[in-house]
Structures are given as C-alpha cells and as structure tokens.
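Worksheet: the structure to be examined is printed underneath.
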C-alpha cells in the first residue's frame, strides 16, 4: 500500500512538471491568459486504486465477477481535457461513471478538490454533485421524449432551487443561445430535432449548473462527420469560456487527437499508458497504444502502401482476465514475466506506462 | 474504365411514398462495378447510399419503390425479376452483409448451419459436402477452430467473429458481387483493420467485386479502388480513390474531408459544413447542396447541375466544372 502511495506521489509530481512546461509553451504560442495556465496545474479530481466489479452469476460458493475497472490511479487537472480511450468493454465508460459516483466503486478512493467523495453522505455530496455533469453518447436515448426543451434544460435549475419563472426562462434561453439552438425551439420536443441538435440540448443541460467537471461519454460517436465537427468545436468553445474540465471518453483516436490535452489508454479495465497527447501519438510507449494508432484507417490513400502491423486475436473476457499483464495474450513482445506479474507504472518523462518492456 | 463491368446501375430512382409526400431517397444514381474491384460508396446518414443497394437486392419494402432505372448483373437486366427468380440470384450471384451482425444472424440456430443453408439453397450438394464447404470458408475468413465454431450460436461469438461468419455466408457461393453495408462500423478499430484486410484478400483471391458502403473516409482511402460520394440521393462526385483524395473537386467532398480531425496535425478548430442535410421532402430547387455550400452562386439555387467530367473517370456534380463537358 505504502509502496503504491509512493508511486502515486511520483506520478503526480511528474504530471505537474509537465503541465508547467506545456503551460509555458501555450502562453507563448497562443497568448493564453496566464491565470488559466496557473489553474491548470491544480488537480481537480484524483482516483486512488479504484476498483469496480459487477456480479456475473456463477455459484454462491464460486461467484463470478466482471473486472470492469481494476486498480486505477488517475489525476484530472483543472481546465484540461483528459481523454479515456480503448476498445469496447475496456471499462472506460464504467470508469467515467464511477468517478462522479453514478456507479459506486467497489474499492478505492476518489478525491474531488481534496475531499474523498467515496462513502460521503448524500446530503454532503449533493453540494458537489452539481459541479459534475455528464453528456451521453446517444442523444436519442438520453433526452426524455415527453419533455420539451425548456423542461429538459430547466430541470437541473429547478432541482437546485431556481423558483422564479421569469429567471428560469431567461436562463434557459441564455443556455440555448450558448449551444446554438434557435430561440423559437423553446417549446419543442426532442423528436423534432436532428441528432446534432439533440446533442446540443444535452450539452446545454450539462452546463446549466456551471459545473467544473463534465464527463463526455462518446458525445460525437453517433453523429455524422459534418455534424461531429460542429459539436466538437462547440465543446472547445465552452471549455474556453467557462474553464471547464473534460473527461472525454472515446474510441475515436482522431477525435481525441483534436480535443484532448492528455490521453489515457485503457485495456480490459487497466491503464496502459497516460501522457501528453502529442507525444503519446508521436511515440507510443505501450505496444497496445501503438497497435491502436496503427489500426486507424487514415483518410489518405498514399499511406496505404505502408505495410501495417495488425493486432491478432480478440479482447479477452473481463470475467476471467489473463494473469499478469492483461494484454499479454495479444502482445507480440510478451515474455514469461508478462504472464506472471502485472506491470507497475513507470515514468518516462511526463509519461506513465504500465509495461514490462516499453517501446522506444 | 475498360475492365468488364459485373454490375451496372443506370439512372436508378427509388422513392418512398409517405403520408407527407413522395421522398426521392435515390434520385438518378448510376454506378458501374468492374470485376474484382472494391468500390466505395460514401455519404452521411440519409444520403441514399444504403437504399440504392437495397433496391439492387430487391429488398425495398413498402412504402419504398423503385420507380425508374435499370440494374444489370453481368449484362442481364435484373430490375424486374419476379421474386422467385430474384431469390435464385440473391445470395448466389450477388450477396449482402449488414452493419450489425447480431441482428442479421438467427439467434436460435448454430452459425454453421446458417451458412450451410445458403449452400443447400443454391447448389445441389449433399449435406455432408455442404458442411465441408462451410468449414473451408470458415478457415478462409480466419475463424479459428472451425469445427467447434460450426456448432456455436451467434451470442457465443464476439462481434468480429460474427462479422466473419456473415462474410463467410456471403462468400460461400462465390458471388460475383458482395455488397457490404457499413461492415465495420460496429467493430473496434483493431478488429475493423482485420476485417478490412480480410475483404481485400477475398476480393483478390476470389475475384469477387466488393461494394463497400461507409461513412468513413479513412476506410475508403484504405481499401477502395473507386469511390462514389453521395448526398441527398445523388452522386456528387465519383473518381478513382487517389484522384478523389488528391484532386478533391466538389465543395461537399472538400468540406467532408476537411471536417475530419487529422492525426498528423493539431488544429485549433475544426472546419465545419454549416447547416444540416436538407429534408428530402423539401429539397432546394437547384443543386441539393446549395444551401450549405460556401461557393454557391445564384444559378445553383435555380438549376440542377449535371455530372461533369473533369478528367478521365472523374465526375463532379457542380456548375464550377461545367466547361469540362458532361460525364458519360
């Protein structure tokens, strides 16, 4: 345990150093307000040895569990966009939900602005809950078809005590303007909107209470390319305007490259690699990251001739995850130690990688 | 294109007859598929890319109807075949796979038997022989332990394996054309790459032409030989893949390519095509893209552009290329 703490401390320091470096570069490059850069170094939320398991049948003597998230340590810095990437079933959505306690963790701690929110009483937590919001993947399923736009966007405001009708309408209309929904749609219902507009309504609902942290769970996966870019730009604008912190969950690495400051790659409930977006894309240290990047179809036929190394095999079952490093069954570089011992996180500059034999 | 054409669609029109009016989902689409090539059909949802090939397969159901055009398979007109004749062609000479393999497989039969059914339906072989053929095709599409998988039910297989079974089923009668409607959209990137490579190999080894319907420009760039870009029921641009990406001509195609986030550059903002896809019931009078096009002129709002040929085999539906002459 103490050993784990040491490691985490190191991770935090490394991360902060890097943030400073990046902050400087950004200030020079784009003239970003120095105060924002200052804020950026602060840890908003950090998770310690987080575990989430779901029961999966079996017998009473021998119950089976899905190991959705296993021993995750993670920091999210104020004002950044941290992307969580991985293939389906790797636990990225579960982790996102556990972090804001939409799902209760099986074990571990989550510190939000220094307070441990795991096991915190409902009354205490209500005060923090309004600072954490979520945007879902499917804008068709995440809006109540029987509620009009004004009710959907107004609901969180009413829940958190806005009583005056005039004030409420003004606030809802302001939010509609923020996300680019025309004022005349105030009384319309979700089915009267296209997918992109519905996602904008979901975003308006999420920012209604001036949250600090927004979990974006595949917010553009269900949208067409031309609409996807509109929504991504909107998310970036809102972040700049309100200093929002995003945890951006996605399987699309091109989208992540555009929006994220840092990336966390997951495989089967465990973190493979965390690091600064540009350097991680340029030089992946975990074999899985490299295979993921290699597998993306690039929109340029000239790149096609380069013979690609592809991953073989399928994702193992999270009910019986492989021993040791969970990636070893698909990893071409696996050796005996990978089968026996789960790799500890090691730092390489600002990067943290969980691999016995990192690349590069 | 001088190669032999296996499938030719000429001026196909499929409309939906709804309570609100007639919806021109497919509005004069012409597509040529040469033997042994991979043809990409790209476009956003509702552009008619799937409906074109549902029409080809005779799978359009009420209120949809083919109202015009002809479809030739190997020189033979299959547009007006009777259902019985059509079912001899379907699955045998031309086959189709869909996006979600779970919903296209029957959950209560083992997958091997479902593939065997395709053989027994079209060819006079014994059940034992058919089973051998199934095992062969399972090996060919990269299913490990085919004997064991033969008796597996769909729910016991992963998404990637199910899609391999579907491809096996589509390929088992060695069709001339296989239509793949978003075959990798529901799959993870590492599995997607495997399936794309498999389709390329089958195309090369068995000489089957593949029509790849997709919304992903990356997939097109990766495997297709020739590309059609569709928008609001029409082909907006068509070209060989390299020409399309190097000399992108139609404003819509240009916008589409520019709005994809690139891996090799860090943009501050993404390019966007303003507005949304028009309602097919109320299409603009002129070019269907005019309401979202940055380069639209007065004429674009009143007249419909034809497909103009900018270079050999490269057609663009935009007045900017009118002097080049009409595409044939």
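Taken together, the values in this text are just the output of simple stated rules run on the coordinates, not laboratory data. In this text, all values refer to a predicted model and were calculated from it rather than measured experimentally. In this analysis, Cβ positions are derived from the backbone assuming ideal geometry, glycine residues included, and neighbour counts consider all displayed protein chains.
Remarks
- On Cα atoms only, tilt of A:195-207 relative to the major axis of chain A in degrees: 90
- Dividing the summed -39500 (n - 2.57) terms of all DSSP H runs of n ≥ 4 by the residue count of chain A sets its mean residue ellipticity at 222 nm at -11500 deg cm²/dmol.
- Ranked B:173, B:224, criterion: other C-beta atoms within 10 Å, fewest first: B:173, B:224
- Residue-averaged [θ]222 nm for chain B, counting only DSSP H segments that reach four residues, each worth -39500 (n - 2.57): -9000 deg cm²/dmol
- Footprinting exposure proxy ranking of A:278, A:124, A:217, fewest other C-beta atoms within 10 angstrom first, gives A:124, A:278, A:217.
- Treating r as the C-beta distance of residue B:65 and residue A:162 and R0 as 35 Å, the FRET efficiency rounds to 0.10.
- Cα centroid separation, region A:244-313 to region A:44-92 (Å): 19
- Whole-number percent relative contact order across chain A, with pairs defined as alpha carbons under 8 Å at least 6 apart: 19
- Exercise: per-residue mean of other protein chain Cβ atoms within 10 Å, B:193-200: 3
- Averaged over B:252-261, number of beta-carbon atoms from partner chains that fall within 10 Å: 5
- Cα gyration tensor shape of region B:24-109, rounded if a/c is under 1.5, else prolate or oblate by comparing a/b with b/c: rounded
- Averaging the Cα positions of each part gives two centres, and for region B:85-124 and region A:95-141 these lie 47 Å apart.
- Average Cα contact separation per residue, region B:1-111, under 8 Å, 6 or more apart, as relative contact order %: 28
- The relative contact order of chain B comes to 20 percent, based on Cα pairs under 8 Å that sit 6 or more residues apart.
- Residue order, fewest to most beta carbons within 10 Å, for B:324, A:335: A:335, B:324
- Helix axis angle, A:165-179 relative to chain A longest principal axis, alpha carbon, degrees: 50
- Applying 1/(1 + (r/R0)^6) with r as the Cβ-Cβ distance of residue A:147 and residue B:265 and R0 = 45 angstrom yields a FRET efficiency of 0.65.
- Gyration tensor verdict on the protein assembly as shown (Cα atoms; rounded if a/c is under 1.5, prolate if a/b is larger than b/c, oblate otherwise): oblate
- Counting only DSSP beta bridges with both residues in the protein assembly as shown, the antiparallel share comes to about 60 percent.
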